[in-house]
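Enquirer: Before anything else, here's the structure in question.
The values are calculated or read from the model by the stated rules, or taken from the named source; none is laboratory data. Everything numeric in this text was worked out from a predicted model, so none of it was measured. Glycine gets a Cβ as well: all are built from the backbone with ideal geometry, and neighbour counts include every protein chain shown. Each accessible area value is taken on the protein alone, full model and side chains, heavy atoms only, with ligands, DNA and RNA left out. Shrake-Rupley method; radii C 1.70, N 1.55, O 1.52, S 1.80 Å.
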Amino acid sequence: MLTDILIKERLERQLQALNEVAKTLTQPLELPELLNAVMDRIVGVLEQVQAGTIMLWDQSAGLFRPAAMFGFDPSVMRGMGLRMGESITGKVYDEGKARLVRTPEEVAQVMADMREANLRIFERAAGTETLPMSIVAAPLTVSDQKYGVLVLENLHGDVHLDEFDLPFVQSIADLVAM
């Protein structure tokens, strides 16, 4: 019974967040402000998430660049540039589907190909040398057009992201992409 109540409360928070994100996306803001406003709406819904980024593909540079974030030092994080296939961002972009990385061991494996300079930027921006405990990431796509990846991370704590979070995060990513 308690589990049903918690699930219902969680679903209600997610639905409210989706509604708030949709409203936010109708505001007449420039893209950086709009994306940061979306990230602000996500923060309160997934309690186990302490950091997140919207990584957009910069065709001219051939890199993913952070366009919006929370939980990171923006002045440091803006120096990150991930290549195709690099870390969780590159993999989710290539696969074209949301992905959950459940444990610190899986996180280490999926981030093992992150270039050293990007890893150092991540550590400084997050304020820790410890990799995330879990990650959920979803591609930003509309039809066949790919724009980037929404990445949400549990940096510390005992409550990890789970399968239940995937549809919500993909829905947020779909709204952002549109």
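Enquirer: Any idea how many residues of the stretch 41-66 are modelled with pLDDT of 90 or more, open to solvent by less than 20 Å² (accessible area, probe 1.4 Å) and under 20 Å from V21 (Cβ atoms)?
Expert: Summing the residues that are modelled with pLDDT of 90 or more, open to solvent by less than 20 Å² (accessible area, probe 1.4 Å) and under 20 Å from V21 (Cβ atoms) in the stretch 41-66 gives 6.
Results for (1) under 22 Å from L161 (Cα atoms); (2) open to solvent by 50 Å² or more (accessible area, probe 1.4 Å); (3) among the acidic types (D, E), shown as yes or no for each residue.
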| site | (1), (2), (3) |
| --- | --- |
| L11 | yes, yes, no |
| N19 | yes, yes, no |
| E33 | no, yes, yes |
| M39 | yes, no, no |
| P74 | no, yes, no |
| Y93 | yes, no, no |
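Enquirer: On to the next question. Condition first: open to solvent by less than 70 Å² (accessible area, probe 1.4 Å) and closer than 21 Å to M39 by Cβ. Now tell me which residues in the stretch 112-126 satisfy that.
Expert: N118, I121, F122, E123, A125, A126
Enquirer: With respect to I5, determine if the residue is β-branched (V, I, T) and either open to solvent by 20 Å² or more (accessible area, probe 1.4 Å) or assigned to a loop (DSSP other than H, G, I, E, B) (or both).
Expert: Here the answer is yes, as I5 does meet what is asked.
Enquirer: Which pairs turn up if I take residues in the stretch 133-162 that are closer than 14 Å to M111 by Cβ and look for partners that are open to solvent by 40 Å² or more (accessible area, probe 1.4 Å) and assigned to a strand (DSSP E or B) with beta carbon separation below 6 Å, at least 6 apart in sequence or on another chain?
Expert: These pairs meet every condition: A137/R99.
Enquirer: While we're here: Among (1) over 18 Å from the mean Cα position of the chain (by Cα); (2) farther than 26 Å from P132 by Cβ, where does E33 come up short?
Expert: So E33 meets the others, but not (1).
Enquirer: So M114 passes all but one of these: (1) among the aliphatic types (A, V, I, L, M); (2) in contact with a helix residue (DSSP H, G or I) (Cβ under 8 Å, 6 or more places away or on another chain); (3) not in a loop (DSSP other than H, G, I, E, B). Which condition number does it fail?
Expert: (3)
Enquirer: Across the stretch 66-110, what is the number of residues that are hydroxyl-bearing (S, T, Y) and within 19 Å of L140 (Cβ to Cβ)?
Expert: Step one: list which residues in the stretch 66-110 are hydroxyl-bearing (S, T, Y), which gives 75, 87, 89, 93, 103.
If we keep only those that are within 19 Å of L140 (Cβ to Cβ) as well, we get 87, 89, 93.
Qualifying residue count for the region: 3.
Enquirer: Now a separate question. Kindly check whether there is at least one residue in the stretch 77-91 that is more than 19 Å from I135 (Cα to Cα) and free of Cβ contacts under 8 Å to residues at least 40 places away in the same chain.
Expert: Looking for residues that are more than 19 Å from I135 (Cα to Cα) and free of Cβ contacts under 8 Å to residues at least 40 places away in the same chain, one finds at least one in the stretch 77-91, hence yes.
Enquirer: Here is a follow-up. Just need a number here: residues in the stretch 128-145 that are part of a strand (DSSP E or B) and either buried (at least 18 other Cβ atoms within 10 Å of the Cβ) or modelled with pLDDT under 90 (or both).
Expert: 8
Enquirer: So if I check each of L46, L56, which one is among the hydrophobic types (A, V, I, L, M, F, W, C), within 15 Å of D165 (Cβ to Cβ) and not in a helix (DSSP H, G or I)?
Expert: Being among the hydrophobic types (A, V, I, L, M, F, W, C), within 15 Å of D165 (Cβ to Cβ) and not in a helix (DSSP H, G or I) holds for just one of L46, L56, which is L46.
Enquirer: Something else about it: Across the stretch 21-31, which residue is nearest to L46 (Cα to Cα) among those that are open to solvent by 80 Å² or more (accessible area, probe 1.4 Å) and assigned to a loop (DSSP other than H, G, I, E, B)? Don't jump to the end; show me each part of the working.
Expert: Here is the first cut: in the stretch 21-31, the ones open to solvent by 80 Å² or more (accessible area, probe 1.4 Å) are 23, 26, 28, 30-31.
Checking which are assigned to a loop (DSSP other than H, G, I, E, B) leaves us with 26, 28, 30.
Values: T26: 23, P28: 26, E30: 26 Å.
Out of the qualifying residues, it is T26.
Enquirer: Confirm whether R102 is in contact (Cβ under 8 Å) with a residue 60 or more places away in the chain, open to solvent by 10 Å² or more (accessible area, probe 1.4 Å) and not hydroxyl-bearing (S, T, Y).
Expert: Values: in contact (Cβ under 8 Å) with a residue 60 or more places away in the chain: yes; open to solvent by 10 Å² or more (accessible area, probe 1.4 Å): yes; not hydroxyl-bearing (S, T, Y): yes.
Yes, satisfied.
Enquirer: When you scan the stretch 146-161, how many residues do you find that are at pLDDT below 90 and touching a strand residue (DSSP E or B) at 6+ places or on another chain (Cβ under 7 Å)?
Expert: Residues flagged as at pLDDT below 90 and touching a strand residue (DSSP E or B) at 6+ places or on another chain (Cβ under 7 Å) within the stretch 146-161 amount to 4.
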